[in-house]
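Everything on this sheet refers to the single structure shown next.
The values are calculated or read from the model by the stated rules, or taken from the named source; none is laboratory data. As the structure is a computational prediction, the values presented were derived from the model and not from experiment. Backbone-built Cβ (ideal geometry, glycine too); neighbour counts: all protein chains shown.
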């Protein structure tokens with residue numbers, strides 16, 4: 001019976017293959033129609049799982065089949081964009097079954113925790129993702145030898161999650177552990193070095209250490225080119241994009257634009273139209289054009305980025321908040337202050353839900369709200385937002401970070417305007 005079921009499941013999974021290759025930008029549109037189209041198939045799959053669960057778990061092969069069936073089922077849901085259903089099958093069914101049958105440090109549990117972490121990450125819940133990746137690491141530390149190559153991915157995942165939630169010291173520590181494993185390994189490809197240097201650069205970028213960030217991005221580019229062997233590759237595009245961001249933050253807008261346009265050219269050549277990766281590129285192009293005062297172009301690119309993210313992401317995803325905030329900046333520069341406030345508030349409402357307290361991204365949004373109120377001569381409101389931004393930055397960023405100086409200067413300007421207003425009144 002087990003052999004028969006295994007053959008049937010393989011046929012069914014083969015039937016799901018077209019579903020699993022959906023790109024992110026199509027998830028909301030295509031997942032609904034394909035769930036309807038495959039409704040009978042999914043019902044059969046669920047009935048199969050329920051039947052298997054009722055069988056006596058006396059056979060090792062039977063247990064493994066049940067676990068494999070549930071894992072594949074939930075991952076198919078994840079590919080269709082139904083994160084809630086995927087998490088149910090991962091956490092409530094697959095994981096609970098494994099915990100009832102396996103020792104705490106069994107490698108199969110590490111795989112499931114990793115899948116759960118990845119699913120939470122895709123949904124923008126980076127704290128829950130970190131918790132599950134920490135469980136993976138705990139198992140690997142028991143099951144594997146020190147500096148085992150398999151730990152590179154876990155260290156990297158943890159580093160990225162810590163960066164996402166603003167814990168930059170922990171992020172850098174995890175990425176350095178990944179690099180240490182790589183330097184002791186003779187089996188891993190150059191792409192692992194490229195990824196690790198890229199991840200470390202991202203942390204230095206957030207901390208405002210742009211020289212270190214650029215050095216690590218250049219190292220990533222060097223290893224990446226060795227690995228992929230061509231400039232015309234999506235990973236090369238990502239690296240160019242990251243280097244462009246460093247130049248942007250240094251106000252080298254012309255240089256930043258060169259890198260972003262290089263990224264755009266590669267991605268539009270290799271990826272499907274409106275591929276999720278293009279959202280980041282369009283977003284960054286929009287920021288450059290806004291900084292240069294080219295507001296029509298800025299609006300066009302930010303709208304394109306927003307459209308992709310709205311289709312691909314949950315309504316409370318942090319990257320969606322970034323798009324709202326950037327659109328708010330463009331409306332502010334156009335003099336449409338009410339609309340600017342609306343977009344910044346939409347961004348802030350998402351950030352307050354999904355990001356940790358005092359996250360640097362939330363501080364940026366508060367700064368932008370302060371800018372709008374300052375322009376409206378509402379210096380009291382501006383002062384409140386600038387003060388909030390400064391307090392947040394001081395808890396998360398090093399004292400030398402450019403943002404701290406910037407928030408402090410704006411806060412003092414608002415104070416000066418308020419003091420002058422009081423003098424006039426009296």
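Could you please let me know if residue 219 is in the same structural domain as residue 197 (by TED's automatic domain parsing) and crowded, with 17+ Cβ neighbours inside 10 Å? So residue 219 fits the description; yes. When the range 320-352 is filtered for residues that are out of contact with any helix residue (DSSP H, G or I) (no Cβ under 6 Å at 6 or more places or on another chain) and surrounded by fewer than 22 Cβ atoms within 10 Å (Cβ to Cβ), the ones remaining, listed by number, are 335, 336, 338, 342, 345, 349, 352. When we screen 204, 248, 259 for residues that are under 21 Å from residue 330 (Cα atoms) and at pLDDT 95 or above, the only hit is 248. Tell me, yes or no, whether the range 401-410 has at least one residue that is surrounded by fewer than 21 Cβ atoms within 10 Å (Cβ to Cβ), at positive phi and in contact (Cβ under 8 Å) with a residue 40 or more places away in the chain. So far as the range 401-410 goes, no, none of its residues is surrounded by fewer than 21 Cβ atoms within 10 Å (Cβ to Cβ), at positive phi and in contact (Cβ under 8 Å) with a residue 40 or more places away in the chain.
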